Amino acid sequence: MAEVKKENWFARTWHKVAKYFRELKSELKKVVWPTPQQVLKNTAIVVGCVIAVGVFIWLFDFVAQIGIDALIGIFH
């Protein structure tokens, strides 16, 4: 029987890396990229939500601080 010589580690790894990038390129061609207007709209929505949640957390923290200070004042 003839022995089949196995490729060395570097060659096998290089082939895997090359295959990965070929497949990556193929998949990126299928992506539907958003328009600049969509990106701007989505960014504005995210910034608005972050500000709204931040204000809500600040308001809750402020009310909780007043309540805790009142309780400490009553029992102190």
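Brief remarks follow.
- Counting only protein heavy atoms and a 1.4 Å probe, the stretch 15-76 has 97 square angstrom of accessible area per residue.
- Helix axis angle, 9-30 relative to the chain longest principal axis, alpha carbon, degrees: 60
- Computed in the context of the full set of protein chains, the accessible area of the chain at 1.4 Å probe radius has 72% of its extent on carbon or sulfur.
- Axis angle, to the nearest 10 degrees, between helix 36-75 and the longest C-alpha principal axis of the chain: 40 degrees.
- Spread of Cα-to-Cα distances over 10 Å intervals beginning at zero, given as percent, for the stretch 24-73: 21, 22, 19, 16, 12, 8, 2
The values are calculated or read from the model by the stated rules, or taken from the named source; none is laboratory data. As the structure is a prediction and not an experimental result, all values here were calculated from the model. For accessibility, only protein heavy atoms count, side chains too; no ligands or nucleic acids. Shrake-Rupley method; radii C 1.70, N 1.55, O 1.52, S 1.80 Å.
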